[in-house]
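None of the figures in this text is laboratory data; all of them are computed from the coordinates on show. On a predicted model such as this, the values are computed, not experimentally measured, just so you know. Cβ placement follows ideal geometry from the backbone for every residue including glycine, while neighbour counts extend to all protein chains displayed.
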Amino acid sequence: MPLSNRYLYKMSVSARLVQIRRFLGLSQKEMGKRVGVSGTTWQNYELENAAPNAHVLAHLSGEGFDMNWVLTGMGEMRAEGAGRKAEAGFAELAPLDLRRDQVGGAGAHMLVPRFTLRTLDTETGKRMTIEDRSLLDAISFRRDFIRNELKADPAQLIAVEAPDDSMEPTFAEGDLLLADTAEPKLRGGGIYVLASGGTLLVKRLQTKIDGGVIVSSDNAGRYPAEEIRKEDAEKLKIVGRVIWRGGRM
């Protein structure tokens with residue numbers, strides 16, 4: 001039976017996570033503490049029983065590990081010019097104070113801003129909002145990967161986490177997504193980040209012949225599709241089109 005793309009993704013990432021831990025000279029328990037998870041959770045990453053979420057990836061990026069390499073195996077393990085942090089570890093560092101004009105950069109690597117997501121509904125944990133439109137941190141990517149592979153303008157990208165499980169199996173809750181904000185309007189079908197009533201949604205959009213829009217989830221068994229009439233479709237607040245999740249969308 002052929003392996004699913006998701007399994008192959010986890011398997012390749014897990015091997016590189018082992019390399020990162022050995023590079024830092026840490027035990028699984030120490031590595032988990034360093035990135036803000038338990039030692040058992042980190043062990044599950046290495047055993048391919050779980051995939052690291054965006055918070056863990058952001059910690060690794062802050063330590064200087066290149067996200068292209070971590071997620072795809074392309075390029076070098078360490079971002080250009082990255083030095084090893086103090087023994088205290090990056091888990092104890094203060095959050096990066098980044099503004100939109102501070103991200104990007106002119107070298108081979110660039111920083112893509114990652115926005116903080118806050119749970120609004122503590123009972124379900126599914127409604128999320130972009131917190132004060134402020135940046136939590138930024139994640140390093142190779143500039144040529146963004147331009148040549150994703151065909152995107154690096155300055156127009158933002159990183160967010162999938163806010164729920166509505167798009168499984170395409171991607172899971174907590175997965176890191178890149179959205180191209182240069183596409184704030186619906187252009188054919190695709191997966192988009194939407195802002196609705198202070199919440200952040202990631203949905204598949206499909207235009208209808210009459211000008212209406214079908215808003216659907218890949219996890220259709222739990223999340224029924226909705227149809228929006230033509231006169232209401234223009235009110236959709238599209239943040240950007242999702243173009244990447246650990247690989248080309």
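Residues in region 71-79 carry Karplus couplings, in order, of 8, 10, x, 8, x, 9, 5, 9, 5 Hz; the curve used is 6.51 cos²θ - 1.76 cosθ + 1.60 with θ = phi - 60°, and Gly or Pro positions show x.
For region 141-186, trypsin sites (Lys or Arg not before Pro) are listed when DSSP marks them as loop and at most 12 other Cβ atoms sit within 10 Å of their Cβ; the list is 151, 185.
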